[in-house]
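Below: one structure, written as C-alpha cells.
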Ligand code: FAD
C-alpha cells in the first residue's frame, strides 16, 4: 500500500511535530503525522519559556493549554552558595508573553496532539518510520501497529522525531556537538518543601530553580515545580564528576543533592515518585538542516543543552519558521532553505549557544550572580532567558558574544 495525496509527512508528534501539523492544516495543506509511541508517553523537557506561548497561539492551542491547569511559571531563579538571583519574565526587554507553564510532558504533549487531531490533523500512533527515499518525491516506509510495512509519498517531509533523529541517522547528517559530553540524572518527587526556607527565603514555586554545585560550578541542578506538591528534580554534569557510576541512580542523585546545602535543606523530606533515569551525550548537531525535500525541526536538528530550558521553545520556533517556507514552496515559490530557514533559525540557536558556553566557562554565571546589576542590562538578559533569542532589536542577541563579554567585564 502507498499513501499518496499528502502534502507534508511529519515524523513524530512531540511539540515540534504537532505545532507544524496544526499550522500546515490551518493553511489547507494535507498533513499526516507518524508517531512511534502511544500517548501519553514520558518526555524530559518540562520547563517552558514564555516565548513559546506565541507559537501555541499561532497554532490555536493557547486556550487548551491555559485551561489545562499546568503549574504557572513567571521566571527563573539561580542559586550559588549564599547568592540568589531571580529574573521575572514580565520585566524584560522584548515585547511578548511574560509567563508560561511547567508541565508534565506526558500530559502536555498529549494535549497538543489531541488538539491538533481535533483541528483535523491525521495522527497515527504506534507507527515507526524506518526508511526514507529522496530520489523523486520524498517517500517513507512506515511499520504500522501490526508490524506491517506501508509507504507514504508526500510533497515534503518534516522530521520532528526529537532524540529519535530519524533523518540525521538515515541520511547520515549527524555531526558531533562542540559542547562537552554531559549527563543528566532526574526524577519526579513529592517535594514536601512546605514552609522550609533557604537563606531566610521561601521557595518560589512560580520559578524554575537552578542551583550551582558549591565546589564545582560545572555541575548544576534543576528543581521544577509541576504542581503545588510535586517537582521535577535533576542534576547535570560531566559523568566523571558525578560520583561512582556503579551506584544506583537514585543514590547518585540524592548524594549530589546533599552536596548542595540549599537543596539539601529544601528537599530534606522529599520522596521519590518515579524511577530515576539518566540521559547521556544528548548534545547533537547536523550537517544540513533543510533542503527542498525535507527540514529538521526541534531536537531532530541541533540540541544544545538543558540549562536554559530552551528545547521546546526552539522546537516550536523551528516548526513555525519551517512551515511558513513549506507553505510557500507548496504554493509554487522557490525557497532557498539555507537563507530562509536554516540561517534565521540558527541566529536564535547561536544566541543560546553563546550563553550556554558562557554558563559552563563561568562568564555568564558571574553576570547572573553579580550583586549590582544594571536594570536595562538585566532586562536584556531576561529576554533571552524568556526565550526571545531571535529578537535582533535586543543588543545581546544582535552581537551576543561581544556584548556578553562587555557585561562580563563590568561584573568582574
Ligand atoms: P520530542 O518531544 O522528543 O518528540 C519526538 C517524537 O518523535 C517522540 O514522541 C518520538 O516517539 C517520535 N519518534 C521518534 N522516532 C520516531 C520514528 N522512527 N517514527 C515515528 N516517530 C518517532 N526543553 C525545555 O524546553 N525545557 C526543559 O526544561 C528541558 N529540559 C531538558 C532536560 C534534559 C536533561 C534534556 C536532555 C532535554 C531537556 N529539554 C528541555 C529539551 C526537550 O526535551 C526537547 O528539546 C523537546 O522535547 C524537543 O521536542 P521535539 O518536538 O523536537 O521532540
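The values are calculated or read from the model by the stated rules, or taken from the named source; none is laboratory data. None of these values were measured; they are calculated from a predicted model. We place every Cβ from the backbone using ideal geometry, glycine too, and count neighbours over all the protein chains shown.
Restrict the check to segment 69-90 and report whether at least one residue is away from the ligand (no atom under 16 Å from the Cβ), in the same structural domain as residue 144 (by TED's automatic domain parsing) and in contact with a helix residue (DSSP H, G or I) (Cβ under 7 Å, 6 or more places away or on another chain).
No - not one qualifying residue is present in segment 69-90.
Residue check, residue 184 against (1) surrounded by fewer than 22 Cβ atoms within 10 Å (Cβ to Cβ); (2) more than 25 Å from residue 303 (Cβ to Cβ), all met but one. Which one?
(2)
Within segment 134-163, how many residues turn out to be more than 15 Å from the ligand (Cβ to nearest atom) and in a strand (DSSP E or B)?
Within segment 134-163, residues that are more than 15 Å from the ligand (Cβ to nearest atom) and in a strand (DSSP E or B) number 3.
In segment 299-316, is there at least one residue being surrounded by fewer than 18 Cβ atoms within 10 Å (Cβ to Cβ), assigned to a loop (DSSP other than H, G, I, E, B), more than 16 Å from the ligand (Cβ to nearest atom) and at pLDDT 95 or above?
no
List every residue pair whose Cβ atoms sit under 7 Å apart, with the two residues 6 or more apart in sequence or on different chains, where the first one lies in segment 34-54 and is within 11 Å of residue 125 (Cα to Cα) and the second, anywhere, is assigned to a strand (DSSP E or B) and within 7 Å of the ligand (Cβ to nearest atom).
34/11; 34/129; 36/128
Restricting attention to segment 44-56, and to residues there that are within 10 Å of the ligand (Cβ to nearest atom) and surrounded by 19 or more Cβ atoms within 10 Å (Cβ to Cβ), which single residue is nearest to residue 155 (Cα to Cα)?
52
Quick grid of which residues meet (1) buried (at least 16 other Cβ atoms within 10 Å of the Cβ); (2) in the same structural domain as residue 302 (by TED's automatic domain parsing); (3) outside any strand (DSSP E or B):
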site	(1), (2), (3)
192	no, no, yes
210	yes, no, no
223	yes, no, no
236	yes, no, no
244	no, no, yes
247	no, no, yes
256	yes, no, yes
269	no, no, yes
288	yes, yes, yes
